Amino acid sequence: MALALIALTLFSIAMTFQTIRATTAEKRAKIEAETSKQVSDFLVNLFKVSDPSEAKGKSITARELLDAGAKKIETELKEQPLVQATLMETMGNTYIGLGLYDEALPLLQNSLKIKEKYLKDDLLIAESLDLLGLLYRCQGKYSDAEAFFKRAIKIKENHFGINNPDVARTLAHLAIVYERQGKYFEAEQLFKRSLEIEEKKLGSDHPYVIDLLNNLALLYFDQGKYLEAEPLYKRSLEIREKTLGPDHPDVAASLNNLAALYGQQGKYQEAEHLYQRSIQIKEKALGPDHPNVAPSLDNLANLYRDQKKYSEAEPLYKRSIEIREKALGPDHPDVATSLNNLAVLYIKQCKYREAEPLFKRALEIKEKALGPNHPDVGISLDNLGYLYREDGKYSEAERLFKRALRIEEKALGPDNPDVAITLYHLANLYYRQGKYYDAEPLFKRTLQIDEKYYGADHPYVAQDLEGYAELLRKTGRIAEAESLKIRAKEITEKGK
C-alpha cells in the first residue's frame, strides 16, 4: 500500500513539474494549463482503488495501480487526447523506471501519435521523442534510439537555437547511444559540445555540468583512457564537495566513480578508502538500509574479490542482497545483480554448489521482470553457462551460451561487447574440449568486436589475444601464437 501511494505521488509530482514548467511558447502554456486540472482529477480517481471500501479488503500494489491507470487512460480519456497523451507519457516513464520496457512502449508510442496529430512540431513532441529514445536505449535498440534523439534535437534547435541547454541534454542522450555502439569519437564530440553549452549557459558548478563531466570521464574509462578520465572525476568531486558539502549523496557518487577508476588501475588502497567514504556518506545521509547504499557495498566487495580477500567480500555482498530485498522486494532486477555478484565470488572459490542457486534465482528474476528476450537475461544465461563450464558440465554450458548469444545478438546487434563476452566463453569451452576448429572462428570474432568497440590497445583486447594465442599454440602454429602474445604483453605494459 505504501509503495502504491509513493508511485502515485510520483505521478502527481511529475505532472506538476510538467504543467508549471516555464515556456516562451504561449500555445504550449495554454495546453498545459488546460490539462492540469484534468490530470489531477484523473489521478484522484485512480487513488480511489486503494481505498479499503473500493478495494474490498484486497491489497493493491504499485504495479497493479500502474496497470489499472494504463487501462483507464485508454478507455476514459479518448475525448481528451492531450490529457491522454500526457498521462500515457508519465506512466510510460514510470514503467521505464521499473524496467518494464514492453509495458512502456505502447504508451509512449501512442502518446507521440496523439501529439503529432494535434500539435505538429511542438516542443511537447520533442519530449516524447526524447522518452522513446531513452526507452529504446534501455532495450539496446540503439539505431532506433539514435533516430528519435536526432528528431528531438532538430525540433529543439529550431525552437531554441543550437546553443540551448535543452538541446545539450538531448545531445548527451545521443552521445550515450554512440558510446554503447562503440562510436567513441562521435560520443566524445557530442559530450564535449553538450558540456560547452551547459557550462556557458549554466556555469561550471551546475549539476548538469557535473553530470556531463562524469559521462565524459566514463567514456574515457570504458576505453581504458584512465589518464584522461581521472582529472574529470576529480573535478566533478571537487565541485560537488564545494557546492553541496562533504556529506552529500552526490559527493558519494563521485567518490564511487573515482574509486572504480583506481581499482581498475590496481590502486587498491586508494580505491578502498574512497569506497568506504562513499558508503559512510550514504549511510549517514540516507540511512544504512537505503537501496542506494547497496551498489557501493557491491563495488567495495568487488574490489576485495579482485584482491582475493574473499572473507571480506562475502558479508558485503550478503548485506547488499538483504538491503535490496527489503527495500525493493525479492523479485527486483537489482536483487538479481547482487545475487550474481555473490555467485561470482563463490565461483572464484570453486564453490559451485553455492553459486548455482544464486545464478538460477538471478535468471528467474530477470526473466520474470524483464521478459525472456531481454539482453540482461542473456547475461544471466552466460553467467550460469560459465558456472557449468567451470564445473565440467560442458553440454549444459554450451546450451546456455548459445541461447545467450541468440538473445544478445538479436537485442544488441552482432558487434556488441556483451556478445563478445559470450563468444569468448563459448570459444573457451570448445578449446577445453579440444574442439579447436569450432573455437577458432569464435576467438577471431571476439577479437574483432573488442578491437572495433574498445580500440586496439584496450586490456580486453590483450585478454582476447592471450586466449587466441593459446589455441594457436595447441594447433602447432607457434610463430603466430608468439606474435599474439607479444602484442598482448605490449598492450598490458602500456596500460600500466
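Just one of TYR436, TYR388 is surrounded by 21 or more Cβ atoms within 10 Å (Cβ to Cβ) and of a type outside the set (A, V, I, L, M); which is it? Result of the check over TYR436, TYR388: TYR388.
Within segment 391-430, being small (Gly, Ala, Ser), part of a loop (DSSP other than H, G, I, E, B) and over 11 Å from ILE449 (Cβ atoms) holds for one residue alone: GLY392. Sub-8 Å Cβ pairs linking a first residue in segment 134-160 that is under 9 Å from LEU174 (Cα atoms) to a second residue that is in a helix (DSSP H, G or I) and of a type in the set (Lys, Arg), at least 6 apart or interchain, are ALA145/ARG137, ordered by first then second residue.
Of all residues being of a type in the set (Gly, Ala, Ser) and more than 26 Å from PRO459 (Cα to Cα) in segment 194-235, which is surrounded by the most Cβ atoms within 10 Å (Cβ to Cβ)? Just the residue, please. Taking the candidates together, the pick is SER194. The set of residues in segment 352-369 that are of a type in the set (Phe, Trp, Tyr) and surrounded by fewer than 18 Cβ atoms within 10 Å (Cβ to Cβ) contains only TYR352. Mind checking which residues of segment 215-237 are of a type in the set (D, E, K, R) and closer than 16 Å to GLU199 by Cα? If the condition is that a residue be of a type in the set (D, E, K, R) and closer than 16 Å to GLU199 by Cα, then ARG235 is the only one that fits. For segment 457-478, a residue qualifies if it is assigned to a loop (DSSP other than H, G, I, E, B) and touching a residue at least 24 places away in the same chain (Cβ under 8 Å), and the qualifying residues are ASP457, HIS458, THR475.
THR243 meets all of the listed conditions (1) buried (at least 16 other Cβ atoms within 10 Å of the Cβ); (2) touching an Asp or Glu at 6+ places or on another chain (Cβ under 6 Å); (3) not hydrophobic (A, V, I, L, M, F, W, C) but one, namely (1). When the test is whether a residue is of a type in the set (Val, Ile, Thr), under 30 Å from GLY140 (Cβ atoms) and part of a helix (DSSP H, G or I), ILE486 does not pass it. Among the residues of segment 348-358, not a single one is free of Cβ contacts under 8 Å to residues at least 60 places away in the same chain, among the acidic types (Asp, Glu) and closer than 30 Å to GLN265 by Cβ. Do we have any residue at all in segment 450-459 that's among the acidic types (Asp, Glu), touching a helix residue (DSSP H, G or I) at 6+ places or on another chain (Cβ under 6 Å) and either closer than 25 Å to ARG137 by Cβ or modelled with pLDDT of 95 or more (or both)? Yes - at least one qualifying residue is present in segment 450-459. Pull out all pairs, ordered by first then second residue, where Cβ-Cβ is under 6 Å, the residues are six or more apart or on different chains, the first lies in segment 181-201 and is within 14 Å of LEU213 (Cβ to Cβ) and polar (S, T, N, Q), and the second is modelled with pLDDT of 90 or more and in a helix (DSSP H, G or I). So the pair list comes out as SER194/ALA168; SER194/LEU171; SER194/ALA172; SER194/LEU212. Among the residues of segment 176-199, the ones that are under 18 Å from SER143 (Cβ atoms) and at pLDDT 95 or above come to 1 in all. From the list TYR233, TYR226, TYR184, the one residue that fits, being of a type outside the set (Lys, Arg) and more than 24 Å from LEU297 (Cα to Cα), is TYR184. Of the residues screened, GLU127 is not one that is in contact (Cβ under 8 Å) with a residue 12 or more places away in the chain, of a type outside the set (Phe, Trp, Tyr), out of contact with any Cys (no Cβ under 7 Å at 6 or more places or on another chain) and closer than 30 Å to GLU451 by Cα. Considering GLU238, GLU283, the condition of being charged (D, E, K, R), under 26 Å from VAL209 (Cβ atoms) and free of Cβ contacts under 8 Å to residues at least 24 places away in the same chain is satisfied by GLU238 alone.
Residue by residue, here is whether (1) more than 30 Å from PRO288 (Cβ to Cβ); (2) touching a Leu at 6+ places or on another chain (Cβ under 9 Å); (3) in a helix (DSSP H, G or I) holds:
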residue: VAL167; (1), (2), (3): yes, no, yes
residue: LEU174; (1), (2), (3): yes, yes, yes
residue: VAL177; (1), (2), (3): yes, no, yes
residue: ILE197; (1), (2), (3): yes, yes, yes
residue: LEU213; (1), (2), (3): no, yes, yes
residue: TYR220; (1), (2), (3): yes, yes, yes
residue: GLU230; (1), (2), (3): yes, yes, yes
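Looking across segment 283-317 at every residue that is more than 16 Å from GLU272 (Cα to Cα) and hydrophobic (A, V, I, L, M, F, W, C), the one that is surrounded by the fewest Cβ atoms within 10 Å (Cβ to Cβ) is identified as LEU286. Evaluated against (1) within 30 Å of ASP250 (Cβ to Cβ); (2) of a type outside the set (Gly, Ala, Ser); (3) free of Cβ contacts under 8 Å to residues at least 24 places away in the same chain, ASP306 falls short on exactly one condition, (3).
If LEU129 satisfies all but one of (1) at pLDDT 90 or above; (2) among the aliphatic types (A, V, I, L, M); (3) over 25 Å from ALA411 (Cβ atoms); (4) touching a Lys or Arg at 6+ places or on another chain (Cβ under 8 Å), what's the number of the condition it fails? (3) is the only condition that LEU129 fails. Candidates in segment 86-107 are the residues that are in contact with a Leu (Cβ under 8 Å, 6 or more places away or on another chain) and more than 19 Å from ASN373 (Cβ to Cβ); of these, the one that is surrounded by the fewest Cβ atoms within 10 Å (Cβ to Cβ) is ASN93.
Residues in segment 89-141 that are of a type in the set (Ser, Thr, Tyr) and within 24 Å of PRO417 (Cα to Cα): TYR101, TYR136. Filtering LEU471, LEU442 for residues that are surrounded by 15 or more Cβ atoms within 10 Å (Cβ to Cβ) and either over 22 Å from GLY182 (Cα atoms) or touching a Gly at 6+ places or on another chain (Cβ under 8 Å) (or both) leaves a single hit, LEU471.
Answer yes or no: is there a residue in segment 260-267 that is at pLDDT 90 or above, in contact with a helix residue (DSSP H, G or I) (Cβ under 9 Å, 6 or more places away or on another chain), within 28 Å of GLN463 (Cβ to Cβ) and not in a helix (DSSP H, G or I). Scanning segment 260-267, I find at least one residue that is at pLDDT 90 or above, in contact with a helix residue (DSSP H, G or I) (Cβ under 9 Å, 6 or more places away or on another chain), within 28 Å of GLN463 (Cβ to Cβ) and not in a helix (DSSP H, G or I), so the answer is yes.
The values are calculated or read from the model by the stated rules, or taken from the named source; none is laboratory data. Since this is a predicted model, take the numbers as computed values, not measurements. Cβ atoms come from the backbone with ideal geometry, glycine included; neighbour counts cover every protein chain shown.
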